[in-house]
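The values are calculated or read from the model by the stated rules, or taken from the named source; none is laboratory data. What you see is a predicted model, and the numbers here were worked out from it, not measured in a lab. Here the Cβ positions follow ideal geometry from the backbone for every residue, glycine too, while neighbour counts run over all protein chains shown. Surface accessibility is based on the protein's heavy atoms, side chains included, excluding ligands, DNA and RNA. Shrake-Rupley method; radii C 1.70, N 1.55, O 1.52, S 1.80 Å.
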Amino acid sequence: MLKLLSLSVLAVLLMGCSTPRSLVVMPEFQQAEYDALSKTGSGGVKGQAFMKTKGGEFKEAGGDTVTLRPKTEYARKLAMLPASLYKCQVVSTVSLKFCDYDRTAMTDSEGRFEFTEVPDGTYYVTTNVSWLAYYPGTFPSVESKQGGTIPMEVTVADSKVSTIMLTR
């Protein structure tokens with residue numbers, strides 16, 4: 001009887017560990033949505049990318065790639081994936097065609113970047129800021145990669161330049 005009770009408790013515990021993950025279904029890539037986007041414009045996006053450490057130190061995105069991606073339904077769904085992947089299961093293929101519409105820029109040593117000739121519209125701007133933190137006094141010495149991806153939504157309107165601070 002005790003064995004049966006122990007096995008029952010174990011089975012219940014194991015079932016709790018195998019909770020089904022919610023599903024994320026990527027929509028089909030809609031070429032028409034991307035074909036409707038303007039290719040060039042006279043607006044722009046410029047800014048600076050950085051993070052602040054818990055100790056108050058600023059870490060700039062020096063020499064990192066910044067991506068400017070048109071906000072479409074496909075890109076919106078894609079932008080939601082990284083934060084939810086640990087608890088969701090993607091059940092369709094992610095098309096890489098959207099990458100053809102991305103623009104990229106390299107940050108300078110202070111994390112500054114600029115995109116020119118940007119058409120009016122709404123975009124996702126993303127970059128990665130990371131650094132190594134060292135923990136002295138341990139053997140062997142320990143280092144830990146810190147930082148992460150910084151996403152932001154920006155709108156270019158009336159052919160003007162939007163200035164942003166890409167940080168979190």
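Numerical summary
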| item | result |
| --- | --- |
| Test: residue in region 152-162 that is closer than 16 Å to residue 61 by Cβ, in a loop (DSSP other than H, G, I, E, B) and open to solvent by 90 Å² or more (accessible area, probe 1.4 Å) | no |
| Test: residue 75 is open to solvent by 60 Å² or more (accessible area, probe 1.4 Å), at pLDDT 85 or above and aliphatic (A, V, I, L, M) | no |
| Enumeration of residues in region 98-125 that are closer than 17 Å to residue 48 by Cα and part of a strand (DSSP E or B) | 103, 104, 105, 106, 112, 113, 114, 115, 116, 123, 124, 125 |
| Tally of residues being open to solvent by 80 Å² or more (accessible area, probe 1.4 Å), among the hydrophobic types (A, V, I, L, M, F, W, C) and within 18 Å of the chain's Cα centre (by Cα) across region 26-53 | 0 |
| Search result, residues across region 115-130 that are exposed (fewer than 15 other Cβ atoms within 10 Å of the Cβ) and more than 17 Å from the chain's Cα centre (by Cα) | 116, 117, 120 |
| Looking only at region 78-110, and only at residues there that are at pLDDT 90 or above and among the aliphatic types (A, V, I, L, M), the one that is surrounded by the fewest Cβ atoms within 10 Å (Cβ to Cβ) | 106 |
